[in-house]
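Below: the structure, in structure tokens.
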Amino acid sequence: MISDACPPSIGSALPGHIRKGHQLLFSRQDLSAREADLLALMMAHMQAPDWHHHTPVYRFSCNQLSQWLGIEPRHVASVLSPVAERLSLRQVGLRTLSVKGREEFDYLPFFKRLTYSDGHLVMIPNDLLRAEYLASAQGCALINTRYFLQLKKEYSKRLYELLSCFKTADTPLQVQSMNELKGLFGLLDEKGRLKAGKRSFQNNSVFMKRCIRDSIEEITTRTQLRKELLFLTSERGEKGYRLIKQGREIVGIEFLYRWHEPRSWTNEVTSVAT
């Protein structure tokens with residue numbers, strides 16, 4: 001039985017930004033593009049007061065889903081049913097350090113319940129992730145909801161949300177090791193091994209093409225995104241990144257980018273910080 005708690009108000013307007021805390025942002029996620037879209041819709045509408053008296057229940061109508069996800073209304077159920085089924089089984093890997101300084105993982109499902117019935121998608125988040133969903137006691141990324149949904153590839157979405165955490169010139173995304181990036185793009189399991197079905201990414205050239213170059217290419221082909229995010233070119237002609245090498249081996253990547261600073265998100269960054 002679905003909770004009968006009064007759901008948060010979800011109007012026809014799509015919220016401008018998704019607030020995503022560092023724990024979720026830098027967790028190991030392996031979501032398809034559609035799965036990432038559904039999670040983003042819930043997080044875009046989530047507010048702290050939603051959790052004050054009970055676990056919130058988010059209900060999205062067929063018309064809302066059609067409009068926001070670009071799906072014909074008559075196809076919403078058939079398109080999203082398998083997506084919701086997979087997403088309901090997904091877990092997020094949260095990293096912590098033990099008292100001895102050892103890295104540990106805690107894998108938790110995103111949802112208590114995820115179902116589509118009577119022309120509505122019903123999403124009930126996992127209570128154990130409340131702090132992570134609300135980004136309490138941690139920084140957060142402000143991800144432009146509309147631009148995020150416009151991106152079609154899963155790795156493009158992942159790169160865009162990672163860079164969205166660093167929108168000021170004095171706080172760029174630091175150099176990331178190849179293993180760290182492969183984890184962030186959902187390619188590694190909790191023991192740092194490539195997941196089944198991801199073995200081709202062992203080859204760094206495959207990883208660079210599919211996760212990095214193709215993602216930068218898709219982001220730069222979106223007219224509105226180009227007005228928000230500019231990728232720079234390295235001295236070697238690499239667009240959007242600089243390879244860090246030890247000898248001939250690629251050991252890390254430095255992303256080269258600059259955010260334009262429209263007043264809308266600059267004010268939101270200030271309000272979140274205060």
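Taking region 187-235 as the range and being exposed (fewer than 13 other Cβ atoms within 10 Å of the Cβ), within 27 Å of residue 142 (Cα to Cα) and of a type in the set (D, E, K, R) as the test, only 227 passes. Residues in region 151-163: is at least one more than 15 Å from the chain's Cα centre (by Cα) and either within 28 Å of residue 225 (Cβ to Cβ) or in contact (Cβ under 8 Å) with a residue 12 or more places away in the chain (or both)? No. Do we find that residue 174 is closer than 28 Å to residue 241 by Cα and surrounded by fewer than 20 Cβ atoms within 10 Å (Cβ to Cβ) in this structure? Against the criterion (closer than 28 Å to residue 241 by Cα and surrounded by fewer than 20 Cβ atoms within 10 Å (Cβ to Cβ)), residue 174 qualifies.
Only a single item in (1) under 22 Å from residue 195 (Cβ atoms); (2) touching a Gly at 6+ places or on another chain (Cβ under 8 Å) is not met by residue 62, and it is number (1).
For region 113-135, the candidate set comprises residues that are hydroxyl-bearing (Ser, Thr, Tyr) and surrounded by 13 or more Cβ atoms within 10 Å (Cβ to Cβ); within that set, the residue that is nearest to the chain's Cα centre (by Cα) is 133.
Say we look at region 136-155 and pick out the residues that are modelled with pLDDT under 95 and touching a Cys at 6+ places or on another chain (Cβ under 8 Å); which of these is surrounded by the most Cβ atoms within 10 Å (Cβ to Cβ)? Only one residue fits best here, namely 141. Restricted to region 1-112, the set of strands (runs of 3 or more DSSP E) holding at least 2 residues that are free of Cβ contacts under 8 Å to residues at least 60 places away in the same chain and surrounded by fewer than 17 Cβ atoms within 10 Å (Cβ to Cβ) comprises 91-97, 103-109.
Is it fair to say residue 168 is modelled with pLDDT under 90, hydroxyl-bearing (Ser, Thr, Tyr) and outside any strand (DSSP E or B)? Yes, satisfied. Going by what's in this entry, would residue 195 be described as touching an Asp or Glu at 6+ places or on another chain (Cβ under 7 Å) and among the charged types (D, E, K, R)? Spelling it out, residue 195 is indeed touching an Asp or Glu at 6+ places or on another chain (Cβ under 7 Å) and among the charged types (D, E, K, R). Within region 113-127, the residues that satisfy the criterion of being outside any strand (DSSP E or B) and in contact (Cβ under 8 Å) with a residue 24 or more places away in the chain are 119, 127. If you check 209, 227 for being under 22 Å from the mean Cα position of the chain (by Cα), outside the structural domain of residue 33 (by TED's automatic domain parsing) and at pLDDT 95 or above, only one passes: 209. The residue that is nearest to residue 238 (Cα to Cα), among those in region 190-224 that are touching a residue at least 40 places away in the same chain (Cβ under 8 Å) and among the acidic types (Asp, Glu), is 214.
The values are calculated or read from the model by the stated rules, or taken from the named source; none is laboratory data. For clarity, every value in this text was computed on a predicted model and none was experimentally measured. Note: ideal-geometry Cβ built from the backbone for every residue, glycine included; neighbour counts use all protein chains shown.
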